[in-house]
Amino acid sequence: MSVTCKPVTPDLIQEALGFYKEHYLPNDPLLKAVGCTEMTHVDRHSTLSYLQEGLSWCAVDKTTGRMVGLQINRCVKIADLPDVAPTIDYVRRGWSRKLSSILCLFDSAFDTKQILTTYKVDKLMRLFALGVHCDYKKRGIATELIKRSMHHAAQDGVMLFAVLCTSAYTKRVCENQGFDKVKDTSYSTYVDETQSVLYKDIDVEEPHTAATCYVKRL
Ligand SMILES: CC(C)(COP(=O)(O)OP(=O)(O)OC[C@H]1O[C@@H](n2cnc3c(N)ncnc32)[C@H](O)[C@@H]1OP(=O)(O)O)[C@@H](O)C(=O)NCCC(=O)NCCS
């Protein structure tokens, strides 16, 4: 099985969206544990818009031509962020309580403005989603997609690359690639704004124990 990595060009966007739905959503350890593995209308809309930014990468099996890995990236600029990060009431906006708590955890685990300020840059490239087909895992595909994304970001003048890892395996890639660990948010002890321990009755499979924010200067 020989695999090549390439940018997600406009002709690959629909296949990428299908790959995200079939191979990323059902397998992300946190989404799986909480049971949020279906693609909602809102998710489809935002994922499509990120893919259309033209910053994402995929892995393709050279023999079959099929997509076997996908990394969706987006660029975040300080000029686009509000002065004060709003506390978003996701439940009032219609999200389920479990998914709302996950979104709050993400907001707490990854503070974009603080990262940009700390690293004194006006924009960063952020990994939004990363998935590899189950038949192709543990062959270095995720590692290669992250390396390609960083290289391309640097060529585009982006000085910082950031990842919020929900999986122990992406954490491993970040550690191997020399990222700085910014923050570890443990699944078992995270307390949301209502002071409830979100994960006390949710079983995130081992070895995935925390959402960890990593950053690397390019
Ligand atoms: C996470 C994921 C993208 C990794 O893809 P991959 O192509 O298998 O990753 P790599 O082959 O580059 O491996 C990365 C590191 O994790 C380790 N790893 C990957 N899968 C592993 C497994 N099942 N058990 C133990 N270690 C594993 C690898 O050994 C490697 O570390 P090393 O280089 O120090 O040996 C893939 O498992 C996946 O799609 N998971 C479901 C979706 C998900 O969790 N996405 C990430 C959300 S942040």
Exercise. Out of all the residues in region 141-160, which are near the ligand (Cβ under 7 Å from one of its atoms) and either of a type in the set (A, V, I, L, M) or part of a loop (DSSP other than H, G, I, E, B) (or both)?
Worked result: I141, A142
Exercise. Does V163 qualify as being near the ligand (Cβ under 6 Å from one of its atoms) and crowded, with 22+ Cβ neighbours inside 10 Å?
Worked result: no
Seminar exercise, completed: F161 meets each of (1) in contact with a Lys or Arg (Cβ under 7 Å, 6 or more places away or on another chain); (2) in contact (Cβ under 8 Å) with a residue 60 or more places away in the chain with one exception, condition (2)
Exercise. Restricting attention to region 60-84, which residues are among the hydrophobic types (A, V, I, L, M, F, W, C) and in contact with a Phe, Trp or Tyr (Cβ under 6 Å, 6 or more places away or on another chain)?
Worked result: M67, V68, L70, I72
Problem set entry | In region 12-38, the residues that are outside any helix (DSSP H, G or I) and either within 14 Å of the ligand (Cβ to nearest atom) or within 15 Å of the chain's Cα centre (by Cα) (or both) | L25, P26, N27, D28, C36, T37
Exercise. What residue, of G54, G69, G35, is farther than 23 Å from L124 by Cα and out of contact with any Ser or Thr (no Cβ under 6 Å at 6 or more places or on another chain)?
Worked result: G35
Seminar exercise, completed: Checked region 61-80 for anything away from the ligand (no atom under 14 Å from the Cβ), under 23 Å from K137 (Cα atoms) and in contact with a helix residue (DSSP H, G or I) (Cβ under 9 Å, 6 or more places away or on another chain); matches are R66
For this session: Take the residues in region 116-150 that are β-branched (V, I, T) and within 16 Å of the chain's Cα centre (by Cα), then tell me which one is nearest to K77 (Cα to Cα).
Result: I146
Problem set entry | Positions within region 104-140 being in a helix (DSSP H, G or I) and either touching a helix residue (DSSP H, G or I) at 6+ places or on another chain (Cβ under 9 Å) or within 15 Å of the ligand (Cβ to nearest atom) (or both), in sequence order | C104, L105, F106, A109, T112, K113, L116, T117, C134, D135, Y136
For this session: Return the residue satisfying two criteria in turn: it lies in region 47-60 and is in a helix (DSSP H, G or I) and away from the ligand (no atom under 16 Å from the Cβ), and of such residues it is surrounded by the fewest Cβ atoms within 10 Å (Cβ to Cβ).
Result: S49
For this session: Name the single residue, out of those in region 166-179 being more than 8 Å from the ligand (Cβ to nearest atom) and touching a helix residue (DSSP H, G or I) at 6+ places or on another chain (Cβ under 9 Å), that is nearest to I115 (Cα to Cα).
Result: F179
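Throughout, read-outs are computed from the coordinates displayed, never taken from laboratory work. Only a predicted model underlies this, so the values are computations on that prediction, with no experimental measurement involved. Cβ sites come from the backbone with ideal geometry, for glycine too, and all protein chains shown count toward neighbours.
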